[in-house]
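The values are calculated or read from the model by the stated rules, or taken from the named source; none is laboratory data. In this text, all values refer to a predicted model and were calculated from it rather than measured experimentally. Note that each Cβ is placed from the backbone with ideal geometry, even for glycine, and that neighbours are counted across all protein chains shown.
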Amino acid sequence: MTQPTSLAHPRAATDPASCGSVNTVLGPVPADRLGIVAVHEALLSVVPGAEHAFDVTIDRAEIFEVLAGKLAGFRQAGGTTIVDSTGMFHGRDVRLLEALSRSTGVHIVASTGMGPEEMLGGYFLTPQTNPPTPWPAEKFAALFAHEVTEGMAVPRVERRGPAGLVATAATRSGMTATDESLFRGAARAALATGVPVSVRYGRDPLKELGVVLDEGLPAGRIVVGGLDRKAAAETGAPFEVARRGAFVGLDRVGLNHDGDSLTDEERASLVLDLVAQGHADRILLSSDAIGVAMGHPGSDVPFSHILTTFMPLLRARGLGEEDAERILVGNPRELLALSIPKAA
């Protein structure tokens, strides 16, 4: 097994008194106050480079109003916490997230991390080596860990609130060498800081989960996202991920017509099958909803879809209240609560 890189971490991530808390953009919040959590959404999603395009206008005031309205709808439906899993370079605006959280009362957990390889800038792909080689895992680990321990970077200005998880993704056609460095770096940063890791599988969810586990990160600190894609469901991957102890991210709820994902009816059957096999404590639900998209198509799925539409469907098909509470509240709380990093 590859040994994790030793990284410094602050009192906030190591003091036992701080454990049981979650890093939000406004600072640590007790995990038992998260309430109902949407664990994989995107508030503002900007394709890297779109901010420089002549035909893309980014009006921060307008974006704030749109997102505030959508978060208000989420809260009205009973939601309390949203996890923005876009990572570092898809339009993450820490000040915007802070203002939204203050104005709406919704806890916002932001993420560090990046990937897959095709979405990285050249700086991370061709460092000054001869021949050029991908960044090694330890460099990604240090980069991500600093965003947890020192605050997320506002480019050329400052660092602000701490990231609450590390998010990364693999290439759809198969994990590349850079993707593997990202996965290993994410795992090492999580080990050093106590935050969890969210990985979006590319081609082989079990193999890619194995890369993260190989770094020594406990399975319960990992969510494998995208497992309600048809390709994953048809191979039984959600059940094997659950058996290995990781969280099963069914995070395309509401995407019924994209051809790549299960429909909500099929997704409900998958949830109920997982519960029937004893995996209710491994299920996480989200919609990969995009509040505002720039440079790419958005999503018309509201942040409240799971609460207003999907959970009623599950209950009508027999999901009990105890399992519903576990899926919406208990499982996200377990994943997001800071763990005590092991001593180096």
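Look at segment 65-91: where a residue is more than 11 Å from Phe303 (Cα to Cα) and a partner is of a type in the set (Ser, Thr, Tyr) and surrounded by fewer than 17 Cβ atoms within 10 Å (Cβ to Cβ), sitting 6+ places away or on another chain with Cβ atoms under 7 Å, you get Ala68/Ser103.
Among the numbered conditions (1) crowded, with 24+ Cβ neighbours inside 10 Å; (2) acidic (Asp, Glu); (3) over 26 Å from Gly20 (Cα atoms), the only one that Glu158 does not meet is (1). Among the candidates Gly91, Gly113, the residue that is touching a helix residue (DSSP H, G or I) at 6+ places or on another chain (Cβ under 9 Å), modelled with pLDDT of 95 or more, closer than 20 Å to Pro155 by Cα and not aliphatic (A, V, I, L, M) is uniquely Gly113.
Residue-level check: of (1) modelled with pLDDT of 95 or more; (2) loosely packed, with under 14 Cβ neighbours inside 10 Å; (3) more than 21 Å from the chain's Cα centre (by Cα), Arg60 misses just (1). Considering only strands (runs of 3 or more DSSP E) fully contained in segment 15-116, which possess at least 3 residues that are closer than 30 Å to Pro136 by Cα and not hydroxyl-bearing (Ser, Thr, Tyr)? Hits in segment 15-116: 37-46. Please specify each residue of segment 69-120 satisfying the condition of being among the small types (Gly, Ala, Ser) and in contact with a Leu (Cβ under 9 Å, 6 or more places away or on another chain). Within segment 69-120, Ala77, Gly78, Gly79, Ser85, Gly91, Ser101, Ser103, Gly105, Ala110, Ser111, Gly113, Gly115 meet the criteria.
What residue, of Ala232, Ala268, is part of a helix (DSSP H, G or I), out of contact with any Leu (no Cβ under 7 Å at 6 or more places or on another chain), buried (at least 19 other Cβ atoms within 10 Å of the Cβ) and of a type in the set (A, V, I, L, M, F, W, C)?
That would be Ala232, the only listed residue that is part of a helix (DSSP H, G or I), out of contact with any Leu (no Cβ under 7 Å at 6 or more places or on another chain), buried (at least 19 other Cβ atoms within 10 Å of the Cβ) and of a type in the set (A, V, I, L, M, F, W, C).
Regarding Ala293, is this residue outside any loop (DSSP other than H, G, I, E, B) and either closer than 22 Å to Val47 by Cβ or free of Cβ contacts under 8 Å to residues at least 12 places away in the same chain (or both)? When the stated conditions are applied, Ala293 passes them.
Taking the condition of being among the acidic types (Asp, Glu) and either at pLDDT below 95 or farther than 20 Å from Asp251 by Cβ (or both), how many residues in segment 180-218 meet it?
3
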